[in-house]
Amino acid sequence: MTFAYRILNFVHLLPIVLVMIYNLDMLDVEKNDLLEKVTSLAKRRGIIYPNSEIYGGIGGFYDYGPVGVEMKNNLKRYWWKDMVDRRENVVGIDGTIITHPKVWEASGHVENFGDEVVECKKCHQRYRPEDIEGKCPKCGSSDFTEPRSYNMLFETEVGVLEGAKMKAYLRGEACQTIYLDFKNVVDSTRMQVPFGIAQIGKAFRNEITPGKLTYRSREFEQWDMQFFVHPDEMEKWFKYWMDERMRFYKELYRKHENLRFRQHPKEKLVFYAKDAYDVEYLAPWGWAENEGIHWRSDYDLTQHSKFSGKDLSYTDPKSGEKYIPWIVETSGGVDRTLLMLLFDAYEEEDLGDGNSRTVLKIHKDIAAYKAAIFPLVSNKEDITKKARDVFELLSEDIKVIWDDRGNIGKRYRYQDEIGTPFCITIDYESLENNTVTVRERDSMKQERIKIEDLREYLS
């Protein structure tokens, strides 16, 4: 092949190459836009608000609005049903946020629960080393201090009188209270190894660089399950819970191609762990952790036995064997998962004729409301009364929302944006034959349904 021919061939392919580069650039823009769009939607539609915004805000703290709190509660109920209600070998607890300070000494958090921070010498902004790429995101300087370690535990005090106060910590992870209650659960229930203890609760970490909405925050909620097993069965149960947790997330998310397992490199494992995997979702900024499945061995119960002086071993009621159970941990972020669900659900659709819509195609069990009730017109008493009857009928056991503001089109668009799966319109025909128009969110398909059949239809 001559040099001239190669040049001509390259010139021929150049437009294709340029299009590919353009498309890749546009993909990055779209990813960045998605975070901005979801952030805007979350505030605009009452899903997530910045905390203390009227005072300028406080980094890493967020409030959930009327729509967001319903979504978050639904998500927690969904997890609890899957993790506890449907299993004979998992029970739940609700541990406290503040525990005895020795808990965190025993767990290693007082000494080792830290992170590294660098400071820009020009603008004095502080970052985690992995959050910068050679330049300060704020001022562009490349001049940083050497990394320094700091502890992420939030300190507090218990007691009211000076000299009698005890230093304590807001818990940095939810699982420690499960270990503290292991013996209590065994003694007060009929649970036998293998079994798990689950809880959902707040945790606190003094993050140096909170950001990406609720992904990295200082106050957050975790769902935690610690599964106690005989050491000889650890491998079997570790594989079981890996499969179960990926199944759970595949049920929640629509885009399975954005889900994966990431195994922790051996050199970065915690010293007591043999293995660890993260369930990750492809967020706008890259792969992001939802949940970790960890091989924790017998470290935690052994440490608390040592520091407390209490025997936390387990005696098998059949064989009489006494041992410290090993632990498979599944620990995920409630706030993180909800945020990923918003990314997963967000769509902008061209409806033709110059019209478009923004819609959250979120899992129907996680949506804030199962259905919205629309009286066709709000100034007709008989239609409004009929709509109220439908609302009262369904609200006995289904979360529904009343909406009589503006025209039907605007109401549809609002409900689409907050992810409501169904919209039910009561009109003049409803007065004649006791039927209503039900519009489905994703397909926008409409059909007439008898009022008496609504509950079954929505289930």
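Values quoted throughout were computed directly from the atomic coordinates according to the rules given, and no laboratory measurement underlies them. Bear in mind the structure is a predicted one, so any value in this text is a computation, not a measurement. Cβ placement follows ideal geometry from the backbone for every residue including glycine, while neighbour counts extend to all protein chains displayed.
Sorted from largest to smallest, which semi-axis lengths in Å does the alpha carbon gyration tensor of region 188-337 give for its equivalent ellipsoid, taking the root of 5 times each eigenvalue?
They are 30, 18, 15 Å, listed from largest to smallest.
Report, in debye and to the nearest 20, how large the dipole of region 231-326 comes out about its Cα centre when Lys and Arg carry +1 and Asp and Glu carry -1 on their Cβ.
Using only the charged Cβ atoms, the result is roughly 180 debye.
Considering only THR96, ALA42, VAL117, whose Cα is most displaced toward the positive end of the charge dipole of the chain, charges sitting on Cβ of Lys, Arg (+1) and Asp, Glu (-1)?
About the Cα centre, the residue reaching furthest to the positive side is VAL117.
Relative to the compact-globule scaling 2.2 N^0.38 Å, provide the ratio for the alpha-carbon radius of gyration of region 369-458.
Relative to the 2.2 N^0.38 Å estimate, region 369-458 comes out at 0.96.
Roughly speaking, what is the stretch gain from THR315 to MET444, that is 0.36 nm per residue apart minus the C-alpha to C-alpha distance, in nm to one decimal?
Extra length available between THR315 and MET444 comes to 40.6 nm.
Sort by residue number and report every cysteine in the chain with no other cysteine beta carbon within a distance under 4.7 Å.
CYS175, CYS423
Given all pairs of different Cα atoms, what value in angstroms does the Kirkwood hydrodynamic radius of the chain take?
Result for the chain stands at 25.8 Å.
What 222 nm value per residue comes from the helices of the chain, counting each DSSP H run with n ≥ 4 as -39,500 (n - 2.57) and dividing by all residues, nearest 500 deg cm²/dmol?
For the chain, the value works out to -10500 deg cm²/dmol.
Among THR39, THR96, which comes first, second and so on when ranked by fewest other beta-carbon atoms within 10 Å?
So the ranking, lowest neighbour count to highest, is THR96, THR39.
Using only Cα atoms, what is the ratio of the radius of gyration of region 167-248 to 2.2 N^0.38 Å?
That ratio works out to 1.34.
Tell me the Rg and the Dmax, in Å, that the Cα atoms of region 378-426 produce.
11.1, 29
Roughly how many nanometres apart are two label points built 7 Å out from the Cα toward the Cβ at CYS123 and ASP63?
Distance between label points: 2.8 nm.
Under 23 Å Cα to Cα from LYS165, which lysines show up? Leave out anything in the same chain fewer than 8 places away.
Those lysines meeting the cut-off are LYS102.
Can you sort TRP402, TRP79 so the residue with the fewest Cβ neighbours within 10 Å comes first?
Going from least to most buried by this count: TRP402, TRP79.
Report, by chain and number, residues whose modeled amide H sits under 5 Å from the one on ARG260, excluding near sequence neighbours (fewer than 5 apart, same chain).
Result for ARG260 returns GLU280.
Compare the Cα positions of HIS304, TYR412, GLN192 along the charge dipole of the chain (+1 at Cβ of Lys, Arg; -1 at Cβ of Asp, Glu; about the Cα centre) and return the one farthest towards the positive end.
HIS304
Shape verdict for region 281-364, please, from the Cα gyration tensor: rounded (a/c under 1.5), prolate (a/b greater than b/c) or oblate.
Prolate is the answer for region 281-364, as a/c is 1.5 or above and a/b outweighs b/c.
Consider all pairwise Cα distances in region 408-458 and report the whole-number % of them above 16 Å.
39
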